[in-house]
Amino acid sequence: MSHITLNIEDARSFLNEQPETLQKQVKVLHKMIHDKTGKGNDYLGWLDLPKTYDKEEYARILQAAKKIRKQSQVLVVIGIGGSYLGAKAGLEFLNVPFKKNKLEIVFAGHQMSGSYLNELVSYLQNKRFSINVISKSGTTTEPAIAFRVLKNLLEQKVGKEEAKERIYATTDKKRGALYSVSKENGYEMFVIPDDVGGRFSVLTAVGLLPLEAAGIKTKEILKGAKDAYTQFKKTNLEENEAYLYAATRYLLYTSGKKVEMLVGYEPNLLFLNEWWKQLFGESEGKDNKGLFVASAGFSTDLHSLGQYIQEGERHLFETVIKVSSTPKDVLIPREDQDLDELNYLSGKPLSYVNEQALKGTMMAHKDGGVPNMLLTIPAMDASTFGYLVYFFEKACAMSAYLIDVNPFNQPGVEAYKKNMFALLGKKGYEHILK
Ligand code: PA5
């Protein structure tokens, strides 16, 4: 049974043709995905992951997470792009905003700010900390520099032998600089399978180790992903929300909408948005094609982007995430004097007001020429997170195949690196500046 619903009624009138007309093509592409005959077919390992994940490695993840919680107050997760956004999205999605985890998770190596790393080094001086360094290639500059600095700090604090017990590496099973460093030093290692690309790797040790260490029940995440795996094997658009979403956004694109905004009304969704932007942006933005993906948190951003969305260039559509039930809420109190004129809301929960904001905004944006899709999720819990991850991954593969691009490579990401290496004087890049 599906854990989510997708309502596309507020998009239909903007489409040149309806998604149902794509049913035949979707079936062909579905077969191409499952038979692994399409572009980038070496990277479809994520597809069966909810069923075929390595159970032995998962048992080691659970053990390592326990050990980290015992050893440390802080876990530093080092990684960038797909090697960090999934864990960050899960942590935010599943965490209570003002309650600290028993184990604090901090991130590093997701940018190259000296000021950030300097502050982090000072912060860690008096803390017991462990490191989970994550890089599939094992050669990415940002995490490699952060790891060198933080590994040195840890070794200075606790000695080389003890540091070895507190460093966990998630990388390729036999290649790359991180693999070599980890092998040489005897760090515990977790594998990112060859056929799973960075942005599709949340359901491997990349996401599962930091999330489990943070006290999140990753078994529930995997359970949700497995439900999604079954649900999104169906080929009919009326049964498969991932394909309906992919088909609708494709038709909005071909009907002239060039920007998709993912919108949520809960602040804990903000990093799901960031993960989603990488997933779709890096998978589809190729060969001069693809929707530009953006995001917003409402009602906050209605007071910044709201004006543009309502009346600016008409090249946008929105995918709105609605959370059906929030376990905690606040009732609006009554006041005898009603000076702030809020008594008409007294006794109402804030979630009710938030929901009316969502409804009113969707109506206004549609009237202003912005199509909407509404994705309703039951709750912000671990199984829904796993389900959503798989939903978006499957939708992304279908979306990219609809515009005929390879979803699983990212050749454009290399361009900045070459220039940066040349400017830094790295051997082999001298010719670029000539
Ligand atoms: O999706 C991808 O493959 C990328 O975004 C990578 O995750 C990112 O570039 C980090 O690469 P690596 O894990 O090799 O350090």
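The values are calculated or read from the model by the stated rules, or taken from the named source; none is laboratory data. As the structure is a computational prediction, the values presented were derived from the model and not from experiment. In this analysis, Cβ positions are derived from the backbone assuming ideal geometry, glycine residues included, and neighbour counts consider all displayed protein chains.
What the table below lists for this structure:
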quantity	calculated
Qualifying residue in region 343-362 (condition: among the aromatic types (Phe, Trp, Tyr), modelled with pLDDT of 95 or more and within 21 Å of the chain's Cα centre (by Cα))	no
Residue pairs meeting the criteria (Cβ under 6 Å; at least 6 apart or on separate chains; first farther than 16 Å from Val202 by Cα and of a type outside the set (D, E, K, R), in region 125-138; second within 13 Å of the ligand (Cβ to nearest atom) and in a strand (DSSP E or B))	Gly138/Thr171
Residue in region 69-88 that is nearest to the ligand (Cβ to nearest atom), counting only those that are farther than 12 Å from Ser201 by Cα, touching a Gly at 6+ places or on another chain (Cβ under 8 Å) and aliphatic (A, V, I, L, M)	Ile80
Contacts under 6 angstrom Cβ, first residue in region 42-67 being within 12 Å of Leu203 (Cβ to Cβ), partner outside any helix (DSSP H, G or I), 6 or more apart	Gly45/Pro193; Gly45/Asp195; Gly45/Val196; Trp46/Val196; Leu49/Leu203
Enumerated helices (runs of 4 or more DSSP H) restricted to region 145-252, each holding at least 3 residues that are within 16 Å of the ligand (Cβ to nearest atom), of a type outside the set (Lys, Arg) and more than 17 Å from the chain's Cα centre (by Cα)	177-185
Matching residues, region 283-305, being within 19 Å of the chain's Cα centre (by Cα) and among the acidic types (Asp, Glu)	Glu284
Wholly within region 324-434, helices (runs of 4 or more DSSP H) carrying at least 2 residues that are within 16 Å of the ligand (Cβ to nearest atom) and closer than 23 Å to Gly40 by Cα	382-402, 414-424
Close pairs (6 angstrom Cβ cut-off, 6 or more residues apart or separate chains): closer than 12 Å to Thr141 by Cα in region 410-434, of a type outside the set (Lys, Arg) and surrounded by 10 or more Cβ atoms within 10 Å (Cβ to Cβ) anywhere	Lys418/Ile432; Phe421/Tyr429
